[in-house]
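Okay, structure first, notes after.
The values are calculated or read from the model by the stated rules, or taken from the named source; none is laboratory data. Note that the structure is a prediction, hence the values are computed from the model and not measured. Don't worry about glycine lacking a Cβ; one is built from the backbone with ideal geometry, like all the others, and counts go over all protein chains shown.
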Amino acid sequence: MNFNAPTIAIYIRIVAIISLLLGLNDAARLLGVSLGNVSPVTTLGLTGFVYLAIFSLTRLFAAVGLWIKASWGAVLLAGATFIELLLYLIGNPDIRMSAFGFAVRLLLLVAILVIFVIGIRVSRAQAQD
């Protein structure tokens, strides 16, 4: 898939910035920035802490991949966001997010799917030329 097409270059960078900000927000939660003297492990639980660490790192790596317009960045972000939303929707108690966080993740998943669709269309158009 060609992510270097000028049609989607800016759109991909915007999604990369959103992914970066969401990953940094999760990393701040991991470090316990707003918790004071309370350990984030005791607040989130060990399993919740591990889940948050995995999703945070995945989003940060995906943001870098999207920024350099590599297709693996989009795949990584789509997979991690889909799995996180699926775990939340089936009621896993270790995945905690607000309504706003859910909406941002859902918007991010839709944005990645739009990138895939546009990328496929651009690839088909270039193949026909």
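I need the helices (runs of 4 or more DSSP H) fully contained in segment 1-74, keeping only those with at least 1 residues that are closer than 14 Å to Ala111 by Cα, among the hydroxyl-bearing types (Ser, Thr, Tyr) and modelled with pLDDT of 90 or more.
9-31
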Taking segment 84-96, which residues are without any contact (Cβ under 8 Å) to a residue 12 or more places away in the chain and either part of a helix (DSSP H, G or I) or surrounded by 15 or more Cβ atoms within 10 Å (Cβ to Cβ) (or both)? Leu86, Leu89
Sort out which residues of segment 115-129 are aliphatic (A, V, I, L, M) and surrounded by 13 or more Cβ atoms within 10 Å (Cβ to Cβ), and write them in order of number. Ile115, Ile118, Val122
Kindly evaluate Arg105 against the criterion of being basic (Lys, Arg) and without any contact (Cβ under 8 Å) to a residue 40 or more places away in the chain. no
If you go through Arg121, Arg59, the only one that is touching a helix residue (DSSP H, G or I) at 6+ places or on another chain (Cβ under 8 Å) and either of a type outside the set (Phe, Trp, Tyr) or free of Cβ contacts under 8 Å to residues at least 60 places away in the same chain (or both) is Arg59
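Can you tell me which residues in segment 66-78 are free of Cβ contacts under 8 Å to residues at least 40 places away in the same chain and surrounded by 14 or more Cβ atoms within 10 Å (Cβ to Cβ)? Before you say what the answer is, go through the steps one by one.
Narrowing segment 66-78 to residues free of Cβ contacts under 8 Å to residues at least 40 places away in the same chain: 68, 72, 75-76, 78.
Across segment 66-78, the qualifying residues are Val75, Leu76, Ala78.
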